[in-house]
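I'd like to ask some things about the structure below.
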Amino acid sequence: MSNVNEQTAFNADDLMLDDLELESFDSDTAPTAAADTMAERDLSFFRKIPVTVTLEVSSTELSLGELMKAGEGSVIELDKLNGEPLDVKVNGSLMGHAEVVVINDKYGMRLIDVLESPLDSIGD
């Protein structure tokens, strides 16, 4: 069995700082083209991450007992009115509201409004 309590000592000689390039941190310095390119490249990486978009019709809360009584043909009242915009969620978080459309016999959604998000400023 190995000794788990062994500690490795930090040795400053192991650091290779010769190739480290430090930029000036003056507040007057404008961002360089290289920094702009880096930000654009980083953004393109995030644009490829898959997310799940869900159009939620409505919901309700009921007790487990009420749910167990439900059977074929039972009607459960939901909390939205007919014609109200539906919730658009991205990975479970509310993104905005939409209405259902049918395109080539498939359901789709037309966005009515999109909520403010910290991600809106990315790419500006």
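The values are calculated or read from the model by the stated rules, or taken from the named source; none is laboratory data. Quick caveat, the model's predicted, so the values are computed rather than measured. Virtual Cβ from ideal backbone geometry, glycine too; neighbours counted across all protein chains shown.
I want to confirm something. Restricting to segment 105-120 and keeping residues that are in a strand (DSSP E or B) and loosely packed, with under 12 Cβ neighbours inside 10 Å, which single residue is nearest to the chain's Cα centre (by Cα)?
D113
For segment 52-64, give me each residue that is at pLDDT below 95 and not in a loop (DSSP other than H, G, I, E, B).
Answer for segment 52-64, where residues must be at pLDDT below 95 and not in a loop (DSSP other than H, G, I, E, B): V53, T54, L55, E56.
Is there a residue in segment 32-51 that is modelled with pLDDT of 60 or more and touching a strand residue (DSSP E or B) at 6+ places or on another chain (Cβ under 6 Å)?
yes
Same structure again: Go through segment 59-104 and give me each residue that's surrounded by 11 or more Cβ atoms within 10 Å (Cβ to Cβ) and either in contact with a Cys (Cβ under 8 Å, 6 or more places away or on another chain) or more than 27 Å from S117 (Cβ to Cβ) (or both).
Answer for segment 59-104, where residues must be surrounded by 11 or more Cβ atoms within 10 Å (Cβ to Cβ) and either in contact with a Cys (Cβ under 8 Å, 6 or more places away or on another chain) or more than 27 Å from S117 (Cβ to Cβ) (or both): L62, E66, A70.
In addition: V75: in contact with a strand residue (DSSP E or B) (Cβ under 9 Å, 6 or more places away or on another chain) and modelled with pLDDT of 65 or more, yes or no?
no
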